[in-house]
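Student: This is the structure, below, for whatever I ask next.
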């Protein structure tokens with residue numbers, strides 16, 4: 001097993017040297033998942049150097065290399081196509097290496113675009129978060145001003161005036177109803 005990993009790191013040195021952020025890894029993973037149509041989802045846990053692939057998830061450490069992602073995706077493809085169980089002797093074979101080659105070829109053709117789009121989305125998210133923080137700070141400062149207090153009091157006055165109008169109209173309706181039933185009542189108190 002250890003010999004296989006060493007040989008794999010030697011063969012795919014460029015992929016193992018390419019460290020990506022979680023956001024970039026997720027973008028590449030989603031493209032691979034839609035292309036190769038496997039069912040596992042991606043989970044980031046811890047910071048250890050190991051990855052793990054099961055029937056339902058691929059587990060990777062945070063900010064890891066592209067090579068480790070490709071290694072685990074190759075296992076996911078093995079689960080799908082070869083229906084292998086949890087038998088380690090059948091996992092790390094020449095077939096696994098050839099699957100990794102195919103995946104890396106696909107990534108090398110289109111991966112830069114995916115990663116640049118992922119970075120753009122990450123920057124947009126950061127800008128959105130910064131804008132939200134600025135708005136929150138401005139709101140906190142505004143709440144300290146007398147203008148805000150007057151605004152709140154004005155809203156409360158409007159609410160109570162609305163309630164007063166509603167109560168008056170309901171009272172009018174009840175008084176009309178009372179008059180109606182008083183006219184209908186006869187001398188004996190019957191309708």
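Student: Considering every pair of different Cα atoms, what Kirkwood radius, in Å, is found for the chain? All intermediate terms of the calculation are to be shown ahead of the outcome.
Tutor: Details: mean 1/r = 0.0446 Å⁻¹.
The Cα-based Kirkwood calculation yields 22.4 Å.
Student: Now for a different question. Full extension from residue 45 to residue 164: what is 0.36 nm times the residue separation minus their Cα-Cα distance, to one decimal in nm? Walk me through the intermediate numbers first.
Tutor: Working: separation 119, 0.36 × 119 = 42.84 nm, distance 5.81 nm.
Gain in length upon complete extension: 37.0 nm.
Student: Moving on to the next point. Would you work out the relative contact order for the chain, in percent, from Cα pairs under 8 angstrom that are 6 or more residues apart? Provide the component values of the computation, followed by the final result.
Tutor: Working: 144 pairs, mean separation 33.5, N = 191.
Over the chain, the number comes to 18 percent.
Student: Report, in degrees rounded to the nearest 10, the 0 to 90 angle that the Cα long axis of helix 94-143 makes with the longest principal axis of the chain.
Tutor: That works out to roughly 30 degrees.
Student: For the chain, take the longest principal axis of its alpha carbons; what is the angle in degrees between that and the long axis of helix 2-11, to the nearest 10 within 0 to 90?
Tutor: 90 degrees
Student: Using 1/(1 + (r/R0)^6) with R0 = 41 angstrom and r between the beta carbons of residue 2 and residue 135, what's the FRET efficiency to the nearest 0.05? List each step's numbers first, then the result.
Tutor: On the way: r = 53 Å, r/R0 = 1.30.
Between residue 2 and residue 135 the formula returns 0.15.
Student: Using the beta-carbon distance between residue 110 and residue 17 and R0 = 25 Å, what value does 1/(1 + (r/R0)^6) give for FRET efficiency, to the nearest 0.05? Write out the running numbers ahead of the final one.
Tutor: Working: r = 20 Å, r/R0 = 0.79.
Efficiency at R0 = 25 Å is approximately 0.80.
Student: What is the calculated FRET efficiency for residue 153 to residue 34, with r their C-beta to C-beta distance and R₀ = 41 Å, to the nearest 0.05?
Tutor: Details: r = 55 Å, r/R0 = 1.35.
Between residue 153 and residue 34 the formula returns 0.15.
Student: Given points 7 Å out from each Cα along the Cα-Cβ axis, report the residue 98 to residue 175 separation in nanometres with one decimal.
Tutor: Those two pseudo-labels are separated by 9.4 nm.
Bear in mind that the values in this text are calculations on the coordinates, not laboratory data. Keep in mind that this is a model prediction, so the values were computed, not measured. A quick note on method: Cβ atoms are made from the backbone with ideal geometry, for glycine too, and the neighbour counts reach across all protein chains shown.
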